[in-house]
1. Select from the range 301-329 the residues that are of a type in the set (G, A, S) and in contact (Cβ under 8 Å) with a residue 24 or more places away in the chain and list them in ascending order.
2. Test S315 against the stated conditions and say whether it is part of a helix (DSSP H, G or I), touching a helix residue (DSSP H, G or I) at 6+ places or on another chain (Cβ under 9 Å) and farther than 14 Å from D365 by Cβ.
3. So A63 ticks every box in (1) of a type in the set (G, A, S); (2) loosely packed, with under 13 Cβ neighbours inside 10 Å; (3) assigned by TED's automatic domain parsing to the domain that holds I190 but one. Which box is left unticked?
4. Would you pick out the residues in the range 171-192 that are more than 29 Å from I159 (Cα to Cα) and among the β-branched types (V, I, T)?
5. Scan the range 293-336 residue by residue and report those that are more than 26 Å from the chain's Cα centre (by Cα), exposed (fewer than 14 other Cβ atoms within 10 Å of the Cβ) and on the phi < 0 side of the Ramachandran plot.
6. For residues in the range 409-423 being closer than 30 Å to T352 by Cβ and outside any strand (DSSP E or B), which is farthest from the chain's Cα centre (by Cα)?
7. Return yes when Y33 is within 16 Å of P152 (Cα to Cα) and not polar (S, T, N, Q) and no when it is not.
8. Does the range 421-439 include one or more residues that are touching a Cys at 6+ places or on another chain (Cβ under 8 Å), touching a residue at least 24 places away in the same chain (Cβ under 8 Å) and either within 17 Å of C324 (Cβ to Cβ) or not basic (K, R) (or both)?
Amino acid sequence: MIQQSKSSNKKIVLSLITLLITTVVSIIGIIFYSVNKANEIAHISKQNYVEATIQEKLKHHEALTKDYAYWEDTIKYAYLSQDMTWIKNNIGEYLTDTFKITDLFIINSQNNPVLALKDGQVEKSNFLSINNEALTSLVEKARQSYSKPPVPVSGILMINNMPALVAVSILTSEYRKPFPSPRPLLVMAIRLDPNYLQVMSKQYRLKDLSFINSNQDNSTVSSVTIKNSLKQTLGKLSWQPERPGNLVLTEIQLPLLILIVIITIISMMIIKISRATTHELEKAYDALTFNAYHDALTGLSNRNFFSELLEKIISIVKRENITCAMLYIDLDNFKDINDDFGHNAGDLLLVTIAERIKASIRESDYAARIGGDEFIIILYHVSSHEDIRTTTQKILTNITQPVNFLGDEVQIGASIGVTIIPDDGTESGMLMSKADIALYECKEQGKNMFRFYSEEK
């Protein structure tokens, strides 16, 4: 009887020990799986974030290059007359110090450098350090742009054996006729050298950010592949990955010991920590999504978001048989503000204009910034053309109120092209084209006005 009792107790103890060991091992296994999964999700999220950041930097670099390529003084003093004093003060040391531009070239119709700058100083031999085949691809693509103003292009090239963000834009001006084809170009580059990568490392929390060759494979680091405009692999941007799962594991070492005795409490802690980690990842994803669809300067929706929105609006118009209006806004003589007061003042003006636009429309309407000084508004479900006319006049009046810069009142004008959905079409490209036509009619007729698109000429 006693032997049977001992045997029974032994079986119970062994069963409890087995159950305890199995439970602890299972929970530890779940913990380590969660740690690795959190690290993996953070790794993928950071990769997507870095890729999106590079694309956003290329877009901003395109906009900067376009601004300088469209600047009359660039053509006059850098391309035509080679005024070295002007070059040094305006596109040499200034661009290097302010925008970290490391290389600048002006290329003539024979694809020869008229001007070559390296780190703000003239150095024509610097042009030879570019991957010429990849640059030629960007040059050809830029010259294929026949829009007004021309559309810049960008990509990543090797300069001085370093990857560089490169943007190319046709030299053009609203004050002179276009140059004959093939047209001269402005090329601006930001080398991803160790100093620039160190700044990015601090700004975007990318520990030990560096550029490595493709054959330097290291499984302990995170990386994104860098390719040029010909889809050729140049190397990788690598950094030490964040391991939020490891941080979690460090934090729960003491509770993990208590876990052997109080399994339920530890289980609740794991669930809580897992939820917190998931919440942080969701917050990071939401922030990334917001940045991808909004303009960083004004907070308005950007071109990507507007393109998707316009397609949805057109579908709603067809389905519900309503009328909407699209207002294409271009600020008049915005370049003069940048020239007279500087680009910081220009940015402040754009923010002010965005606030005035938002204050002029209803909550059901939509506003976006789609270019340097270009905005789009969708007036949703309007009753009549007269309502559109009244709202457009209100927007124009608010936009053109004087702005104070350092004690000086500046009057800004705006031209607005208006198209009606569906009266002027139900295809997004056609609507944008017609709004652009109406806008340029305003420009031709004296600016600071709005016009509805009309088939009659």
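1. Result: S301, S307, A325.
2. So S315 does not fit the description; no.
3. Status for A63: all satisfied but (2).
4. Result: no residue meets the conditions.
5. Passing the criteria: S315, K318, R319, E320.
6. Once the filter is applied, the top-ranked residue is Q411.
7. Working: within 16 Å of P152 (Cα to Cα): no; not polar (S, T, N, Q): yes.
Answer is no for this residue.
8. Yes, the range 421-439 contains at least one residue that is touching a Cys at 6+ places or on another chain (Cβ under 8 Å), touching a residue at least 24 places away in the same chain (Cβ under 8 Å) and either within 17 Å of C324 (Cβ to Cβ) or not basic (K, R) (or both).
The values are calculated or read from the model by the stated rules, or taken from the named source; none is laboratory data. Treat the numbers as computed from the prediction; the structure is a model and nothing was measured. Virtual Cβ from ideal backbone geometry, glycine too; neighbours counted across all protein chains shown.
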